[in-house]
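The values are calculated or read from the model by the stated rules, or taken from the named source; none is laboratory data. Here the structure is a predicted model, which means the values were calculated and not measured. Cβ: placed from backbone, ideal geometry, glycine included. Neighbour counts: every protein chain shown. Remember, those area values only see protein heavy atoms, side chains included, never the ligands or the DNA or RNA. Shrake-Rupley method; radii C 1.70, N 1.55, O 1.52, S 1.80 Å.
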Amino acid sequence: MAQFFDRAQDIHIDKFQVIDGHTIGNPLEKLETRIAAGAIHDSAERCDAPKCHPETRVAVQDDLYSWIVDDDGEVEQPKKIKWVTGPAGTGKTAVMGSLSERCKVGGFLAATFFFASWSASVGRRRKTAFVITIAHQLARYHPALREEISKAIEANSDIFDKNLCTQMELLVLGPLREIARRLDRPGVRGAIIIDGVDECEAEQYHDTTTAESKYKSRPARTKDQDQLEILEVLRTASSDPSFPFRILIASRPERVFREFFDPENNPTPFAEKLDLHEDYNADTDIALFLEAQFSIIRRRYSLPPSWPSPEAFQTLVRNASGQFIYAATVIRFLAESPQAPPDDQLQSILAMLSTTTMKPFETLDLLYSHIMGSSPEPALAAKWIWGINTLNDRAYHLNLLLETKPGEAEHLLGGLHSLIRIPPPNERATTKYDFYHKSLLDFLQDPNRCGKLHTQDREIFEFLWNRFNQACSIFISGKLPQFLGLPPKRREYIFERRTLPGPPYNS
């Protein structure tokens, strides 16, 4: 602490704090230390997030933007919440991301939050930082809100340990009411855009992992409960007369959302839902996307302008069944797979689908099955995928733990570049494996969809436990001298990362 006051005289200190070695004097700086920065639409973490391809999804974005800006002419009882839904792969996140940018350019973006179950950031996977992150953005959105939110934090120093309802009341609604009472009250309006609430994991408040826990009989909190809590908090906020924002909530049509937005179950007047799969024919947009991507592939591989044939092109559009993720996966498979030239890859996809009439998910499932089959050992590759998802570490450390011999990761995953973002060798020490879309995990989780590729939870734990033991044996028997030659902190890090719970069958 002495360095803060070196050669200082006549010092007066008011509300001085040190958090993690940083001085925090301004309440808004304290707020910023608690946010989920990666959940904001233009964060560095979302630099590779999907966006709508140019000239696609124009009608959808126009309708949503009009609802935000023009208020649908509602005066007496405005409907401030709108649900955007659709099955996996219909482009919800891309639409929300592009709409966020459009609202920002137009001056109508108040706040965003993009949940992601695959994120390395706990803040994006859970509810804890949700309201705090929204309040942080509102404070930047308008000077009057900045002032009132700062006052609220000063008056409620324990606000970060409160539940979402209390945080919404003190950090958002209270400040909004204060500026609404001013004679010169500013005109505040805009959109709060929230994507992927269905990916929010459950927050636990007690230890459910040890036999000694006195709460062992208490059921663990479910993700449905936390997701419903978020929806309830947003509904409460939207019902307040001083709340001027429009809220867009994008999610899959899972039960908790269907029931919440069902007019018969909820007296709150919601705006009419928008279903990307049912309300809009995406075939034209998918055709625009495919044509643009095929032009790039033609130039890259010196293919003729007639490739692909009109019949092949229309087959792909038809088989996509409105799912952008299908079209995007096909393009990645053609452009990035090392197995064969693009035309051979295209013919393999067309042959796989040409004799079958299927429902929307079945085309995507067949495509995933086909690509997974390009691995020399598809079932083992599926276990690796679950290991990547479970451990969520940098590629170098995952390979160190999971490989039984050098090169196993490349052997198993080398043909799956269209499904998994695999870091190049020179980046594996700092970069993680990543999945292009959560629907791959949904596919592998459902035995009715993935068939022999399905791996039960028990098998995943056994796989990880066996690989952990093998890795330890390798260190002890053959590589202990090299391991001991590492710096102490490096050795500690490796063993910390290898500390896995015992297999479930021993508990």
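Computed 3J(HN,Hα) for the range 38-55, one whole-Hz value per residue from the Karplus formula 6.51 cos²θ - 1.76 cosθ + 1.60 where θ = phi - 60°, is x, 7, 6, 4, 10, 6, 4, 5, 9, 5, 9, 5, x, 10, 5, 4, x, 6, glycine and proline marked x.
Out of the total accessible area of the range 418-461 (probe 1.4 Å, heavy atoms of protein only), what percent is carbon and sulfur? Intermediate results must be reported in sequence, preceding the final value.
On the way: 1140 of 2430 Å².
Carbon and sulfur together cover 47 percent of it.
LYS438 exposes around 50 Å² of accessible area when a 1.4 Å probe is run over every protein chain in place. Residues in the range 236-323 average 51 Å² of solvent-accessible surface per residue, probe 1.4 Å, ligands and nucleic acids excluded. Take ILE296: with every protein chain present and a 1.4 Å probe, its accessible area is about 60 Å². Extension gain, VAL105 to ARG182, is 24.9 nm, computed as 0.36 nm per intervening residue step minus the present C-alpha separation. Per-residue 3J(HN,Hα) values for the range 135-142, derived from phi via the Karplus relation 6.51 cos²θ - 1.76 cosθ + 1.60 with θ = phi - 60°, read 4, 4, 6, 5, 5, 7, 6, 8 Hz in sequence order (x marks Gly and Pro). Taking amide H positions as modeled 1.01 Å from N, with prolines and chain starts lacking one, the residues under 5 Å from GLU201 and 5 or more places away or on another chain are ARG126.
Leaving ligands and nucleic acids out of the surface, order GLU462, GLU203, GLU264, GLU410 by accessible area at 1.4 Å, largest first. Spell out each step's value before the answer.
Numbers: GLU462 55, GLU203 25, GLU264 170, GLU410 95 Å².
Putting GLU462, GLU203, GLU264, GLU410 in descending order of accessible area: GLU264, GLU410, GLU462, GLU203.
Considering only GLN167, GLY196, ALA180, and ranking their Cα positions along the charge dipole of the range 158-209 that arises from unit charges at the beta-carbon of Lys, Arg, Asp and Glu, the one farthest toward the positive end is ALA180. A cut-off of 5 Å between modelled amide H atoms, ignoring neighbours fewer than 5 places along the same chain, links LYS432 with ALA395.
Close amide H partners of VAL84, meaning residues 5 or more places away or on another chain with modelled amide H under 5 Å apart, are ILE249, ALA250, SER251, LEU274.
3J(HN,Hα) couplings calculated from phi for the range 87-93 with the Karplus curve 6.51 cos²θ - 1.76 cosθ + 1.60 (θ = phi - 60°) are, in sequence order, x, 4, x, 7, x, 4, 5 Hz; Gly and Pro show x. For the range 231-297, the dipole from Cβ point charges (+1 on Lys and Arg, -1 on Asp and Glu) about the Cα centre works out to 280 debye, to the nearest 20. Within the assembled protein chains, the solvent-accessible surface assigned to GLU311 is about 130 Å², based on a 1.4 Å probe.
Solvent exposure of the range 417-476, expressed per residue, is 53 Å² of accessible area, with all protein chains present and a 1.4 angstrom probe.
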